[in-house]
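In what follows, a single structure is set out as structure tokens and then discussed.
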Ligand SMILES: C[S@@+](CC[C@H](N)C(=O)[O-])C[C@H]1O[C@@H](n2cnc3c(N)ncnc32)[C@H](O)[C@@H]1O
């Protein structure tokens, strides 16, 4: 009997029962059956087949709405950098369009808005559309009051900047809320057309893992329709391999899990002679977004993996880029054993530890990198961010100043 519900859920929302297990589906069916006051699964199957509203209720009972602010932080820092280093170069005017699908209870699209605003990007130059199949999650997102579970990890400075306490939770500021528009939508609906024009960036994170191969193919075809030719598609750490097998290539920002279509032409040179007003983040303390390991590695993504890196490190960075953190750490350790200590290997170890939440270890690795190469710009930036996140403002400032001096020297 449960197989009939599995088929129904596959057909409606694409869910592959194997991804969450039959028992989770059984629990959802039982919950709905009791709520409807029906006596057995057969009666409930009849009800659900006859009522679109009940199908939606079953979907609400089975979805996995797990999400939190700045989940996989690198992605949000990469988004902010992409605007300045790529999009604005050819778009002195116009609106940067971003899609979050699925957005669940809103933490993801609101994190995008905070990241862009904190990077100094003007509010009237970007719009975020956020879609999810769950009407209940969307209602929560629109209310914009969040509990403890939405705030994970050590660095919660963003909460002080953008939220006000509300009961036992926190209410998000209107300035962030107004950047995001929520709509109900099913990624697998062939008629789904979230926006009038293609999106510059699409986040589709932690959904494809719930689909089987054929459904993933359909989902990716839909995402390709929504994405501008040179746009970036961000996925979850476990979904990166899938994109590589669908004609996408990594944009090579470690731990951001961002891709573009392989046939997309490279970024064009600036369309105007005089640089646009927002070519770079404004020279305020916000140049370095206040996130501990935001890849505010202040280089262009392409330059992040220099061509002269020893193979082991390059491989470790690529693994990290694909979300294969354990393998990335192992590759780095092997490289260190075989080649001896190197600043870049320690730096990559730091990034990997940061991404898995080991901030103390990460700080130690950045320090080792700086011991070997005091001019290591990225290590300075990352360590500054970590210290800032831990409340060590003066330590962070010393490092950030050093990083800035190196930047200035490089620009001259
Ligand atoms: C694990 S959450 C991911 C949220 C967010 N992207 C993140 O990574 O934190 C998965 C979301 O996918 C939504 N979902 C499931 N099937 C969907 C579909 N076919 N179309 C749109 N959303 C779907 C669920 O409602 C749930 O909110």
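Values computed for the structure shown
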quantity: Region 2-62: relative contact order as a whole-number percent, Cα under 8 Å and 6+ apart; calculated: 33
quantity: Folded to 0 to 90 degrees: helix 107-118 orientation relative to the chain principal axis, Cα; calculated: 30
quantity: Relative contact order, percent, the chain [alpha-carbon distance under 8 Å, six or more residues apart]; calculated: 15
quantity: Computed E for residue 371/residue 160 - FRET, C-beta separation, R0 25 angstrom, nearest 0.05; calculated: 0.15
quantity: For the chain, the spread of Cα positions along each principal axis, largest first, Å; calculated: 74, 49, 48
quantity: Cβ-derived FRET efficiency at R0 56 Å, residue 46 paired with residue 171, nearest 0.05; calculated: 0.85
quantity: Simple spin-label estimate for residue 24 and residue 189 in nanometres, 7 Å along Cα-Cβ; calculated: 2.3
quantity: Nearest-ten-degree value, helix 393-411 long axis tilted from longest Cα axis of the chain; calculated: 70
quantity: Pair residue 4, residue 123: separation of 7 Å Cα→Cβ label points (nm); calculated: 5.3
quantity: Packing rank of 8-18, 100-110, where each peptide gets the mean count of other beta carbons within 10 Å, highest leading; calculated: 100-110, 8-18
quantity: At 1.002 mPa s and 20 °C, Stokes D of region 33-157 from Kirkwood alpha-carbon radius, µm² per second; calculated: 126
quantity: Pair-distance profile P(r), taking every C-alpha pair of region 204-260, with 5 angstrom steps and integer %; calculated: 4, 20, 35, 27, 11, 3
quantity: Shape of region 66-107, Cα gyration tensor, a/c cut at 1.5; calculated: oblate
quantity: Net length gained if the chain between residue 245 and residue 405 were fully extended (0.36 nm per residue, minus Cα distance); calculated: 53.4 nm
quantity: Separation in nanometres of the label points that stand 7 Å from Cα toward Cβ, at residue 356 and residue 229; calculated: 4.1
quantity: Gyration tensor (alpha-carbon) shape descriptor, region 95-250, a/c threshold 1.5; calculated: prolate
quantity: Calculated diffusion of region 341-412, Stokes-Einstein form, Kirkwood radius summed over Cα pairs, 4 °C and 1.567 mPa s, µm²/s; calculated: 108
quantity: For the chain, built as a Gaussian network whose Cα springs stay under 10 Å, the top-fluctuating residue of 328, 50, 219; calculated: 50
quantity: Mean projected area (nm²) of the alpha-carbon convex hull when region 2-62 is viewed from all directions; calculated: 3.5
quantity: Degrees separating the helix 2-13 axis from the principal Cα axis of the chain, which is the longest one; calculated: 60
quantity: Backbone N under 18 Å from the residue 91 label point (7 Å along Cα→Cβ), restricted to region 159-198; calculated: 179-181, 194-198
quantity: Shape box of region 142-216 [Cα atoms, principal axes, largest first, Å]; calculated: 43, 28, 22
quantity: Which of 230, 39 has the fewest Cβ neighbours within 10 Å, and the rest in rising order; calculated: 39, 230
quantity: Residue-span extension gain [residue 397 to residue 326] - 0.36 nm each, minus C-alpha spacing; calculated: 22.4 nm
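Any read-out appearing in this document is the output of simple, stated calculations on the displayed coordinates, not a laboratory observation. Since the model is a prediction, treat every value here as computed from it, not as a measurement. Because the Cβ atoms are built from the backbone with ideal geometry, glycine has one as well, and the counts that use them run over all protein chains shown.
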